[in-house]
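J.: Here it is, the structure, as C-alpha cells.
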Amino acid sequence: MELRSTLGRVRGLGSAKDGAHHWWAQRTTAVALVPLSLWFVASVIALVGANHATAVAWFRSPINATLMVLLIVATFYHAALGLQVVLEDYVHHEGQKVAGILAVKGLAALLGLLAAIAVLKLAFGG
Amino acid sequence: MAQSERPLSPHLQIYRPQLTSILSISHRAAGVALAVGTLLLVYWVVATASGPAAYATAQAFIRSWFGMLILLGWSVALFFHLANGIRHLFWDAGHGFELKTVYASGYAVLAATAVLTVVAWTLGCAMMGRP
C-alpha cells in the first residue's frame, strides 16, 4: 500500500529524483525569455554600427544593465536545462551522459558568470 | 538494460516527414544552435568591456560575411525557437491539441519566424549607415 500522496511523490522522487522542478524551471525561464529576448533583439538593432563609446554608454544605463544580467541568467539556465534533456535523450552510455551534463552545467555557469561580470564592469564604469 | 530479440517499433526514417514532426525536432535543433550561439553574446559583451580595440575587432568579425552568416542563422533560430516556444507554452497550459489547431499554430510559427526575421534585418540594415 502506498501511503505517500501523489503530490508528495511528484515533489520528491520523480524518475530523475527531482520531481517536476526541472520542468517548471524550464517553463519559468522560457516565459521570462519571451520579453527579454525581444528586448535584446531591439537593443542589438539599436546598437548596429555603434562605436565603443555609444555601446559603453548603453551598458551604463541601470535598466539596460539589469535587463542584460536577467537575460544572461535566464538564457544560460534555460540553455543548460535544455541541453541536459538532449543529452539524457540521446546519450545512452551512463558515464558519458553524466560527464556531458556536468560539462554543460559547468560551461553554462562559466560563460554566464563571465558575461554577467562583463556587463557589471561596464555598468559600474570599471 | 539487457538486449532482447523483441520486435522494435518502426524507426524514425519509416515515417513520412510531417509539419508537426519537423517543427518538433527543429525546436530542439534551434535550441542547441542558440546555446552554441551564446558564445557570440559572451564575446560581444566581453569585448565591449575590454576596451575600444577589442570592441573594434569584435565589430569587424560580426560585420564580415562569416559573422553576418552566423548572425542570420542566430536570428532565424531565435525567432523560430521563440515563436514555437510560445506554442509549446500553450500546449503546457492544455490548449491547442486538436489536429487542425496544431497545424494552424505550426504554420503561424513559420510565418512569425519569417516576418520577425525580415523586420529585424530591415531595421538592422537601416541602422547600418549611421556614425
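J.: How about segment A:43-68: which of its residues are within 11 Å of chain B (Cβ to nearest Cβ), open to solvent by less than 50 Å² (accessible area, probe 1.4 Å) and either among the polar types (S, T, N, Q) or at positive phi (or both)?
T.: A:49
J.: Please go through segment B:4-28 and give me each residue that is in a helix (DSSP H, G or I) and either within 14 Å of chain A (Cβ to nearest Cβ) or surrounded by 10 or more Cβ atoms within 10 Å (Cβ to Cβ) (or both), ordered by number.
T.: Restricting attention to segment B:4-28, the residues satisfying the condition of being in a helix (DSSP H, G or I) are B:12-14, B:19-28.
B:12, B:19, B:20, B:21, B:22, B:23, B:24, B:25, B:26, B:27, B:28, listed by residue number.
J.: If residue A:80 satisfies all but one of (1) more than 30 Å from residue B:52 (Cα to Cα); (2) free of Cβ contacts under 8 Å to residues at least 24 places away in the same chain, what's the number of the condition it fails?
T.: Among (1) more than 30 Å from residue B:52 (Cα to Cα); (2) free of Cβ contacts under 8 Å to residues at least 24 places away in the same chain, the lone unmet condition for residue A:80 is (2).
J.: For segment A:114-126, which residues satisfy the criterion of being among the hydrophobic types (A, V, I, L, M, F, W, C), facing chain B (nearest Cβ under 10 Å) and open to solvent by 50 Å² or more (accessible area, probe 1.4 Å)?
T.: In the first step, residues of segment A:114-126 are kept if they are among the hydrophobic types (A, V, I, L, M, F, W, C); the result is A:114-120, A:122-124.
Keeping just the survivors that are facing chain B (nearest Cβ under 10 Å) gives A:114-120, A:122-123.
Those that are among the hydrophobic types (A, V, I, L, M, F, W, C), facing chain B (nearest Cβ under 10 Å) and open to solvent by 50 Å² or more (accessible area, probe 1.4 Å): A:114, A:117, A:120.
Listed here are the residues, each with its yes/no results for (1) surrounded by fewer than 21 Cβ atoms within 10 Å (Cβ to Cβ); (2) at the interface with chain B (Cβ under 10 Å from one of its Cβ atoms); (3) outside any helix (DSSP H, G or I).
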residue: A:77; (1), (2), (3): yes, no, no
residue: A:89; (1), (2), (3): yes, yes, no
residue: A:95; (1), (2), (3): yes, no, no
residue: A:102; (1), (2), (3): yes, no, no
residue: A:108; (1), (2), (3): no, yes, no
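J.: When you scan segment B:41-63, do you find a residue that is surrounded by 15 or more Cβ atoms within 10 Å (Cβ to Cβ) and touching a residue at least 40 places away in the same chain (Cβ under 8 Å), even just one?
T.: No, there is no match, as no residue in segment B:41-63 is surrounded by 15 or more Cβ atoms within 10 Å (Cβ to Cβ) and touching a residue at least 40 places away in the same chain (Cβ under 8 Å).
J.: Given (1) farther than 22 Å from residue B:63 by Cβ; (2) modelled with pLDDT of 95 or more; (3) of a type in the set (Val, Ile, Thr), where does residue A:91 come up short, assuming only one miss?
T.: All conditions pass for residue A:91, except number (2).
J.: Go through segment B:82-130 and count every residue that is within 11 Å of chain A (Cβ to nearest Cβ), among the small types (Gly, Ala, Ser) and open to solvent by 50 Å² or more (accessible area, probe 1.4 Å).
T.: 3
J.: The conditions are (1) more than 25 Å from residue A:23 (Cβ to Cβ); (2) modelled with pLDDT under 95; (3) in a helix (DSSP H, G or I), and residue A:56 fails exactly one of them. Which is it?
T.: If we test residue A:56 against (1) more than 25 Å from residue A:23 (Cβ to Cβ); (2) modelled with pLDDT under 95; (3) in a helix (DSSP H, G or I), just (2) comes out false.
A quick yes/no check of all residues on (1) of a type in the set (Ser, Thr, Tyr); (2) more than 22 Å from residue A:83 (Cα to Cα); (3) more than 20 Å from the chain's Cα centre (by Cα):
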site	(1), (2), (3)
B:34	no, no, no
B:65	no, yes, no
B:94	no, yes, yes
B:99	no, yes, yes
B:106	no, yes, no
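J.: Cβ-Cβ distance below 6 Å, separation of 6 or more or different chains: which pairs start in segment B:1-19 with a residue that is among the hydrophobic types (A, V, I, L, M, F, W, C) and end on one that is at pLDDT below 80?
T.: Qualifying pairs under 6 Å: none.
The values are calculated or read from the model by the stated rules, or taken from the named source; none is laboratory data. Model, not experiment: these values are computed from the prediction. All Cβ positions, even for glycine, are placed from backbone atoms using ideal geometry, and neighbour counts span all protein chains on display. The accessibility values were calculated without ligands, DNA or RNA, using every heavy atom of the protein model including side chains. Shrake-Rupley method; radii C 1.70, N 1.55, O 1.52, S 1.80 Å.
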